[in-house]
1. Mind giving me the nanometre distance, one decimal, between the label points for residue 51 and residue 9, set 7 Å out from Cα along Cα→Cβ?
2. Place a point 7 Å from the Cα of residue 26 along the Cα-to-Cβ direction; which residues of the stretch 1-18 have their backbone N under 17 Å from it?
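Where a number appears in this text, it was derived from the coordinates with a stated rule and is not lab data. Computed from a predicted model, the values in this text were never measured in an experiment. So basically every Cβ, Gly included, is an ideal-geometry build from the backbone, and we count neighbours across all protein chains shown.
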Amino acid sequence: MLITAVWVVEHQVDLFAALAPGGRADSVGAGIITFFERPGQSMIDALDAALLGKSAVPIEMKATLRELDKLS
């Protein structure tokens, strides 16, 4: 929205003419946020677990890993 506001002020266009570039800029921003949302949340969860002294591996996964260790 800030990009659109600066563009409207700089080029002195009416609000309807600013709708298209503003919509494109907003959709690009939403796409970037969506793309990095899952990896970012994973990193935050791992950091939170490390700071609190918890294991970063879920209990269900630990049980599966133990079963795999027994097979080898």
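1. Spacing of the two 7 Å Cα→Cβ label points: 3.5 nm.
2. Within reach of a label on residue 26: 1-9, 14-18.
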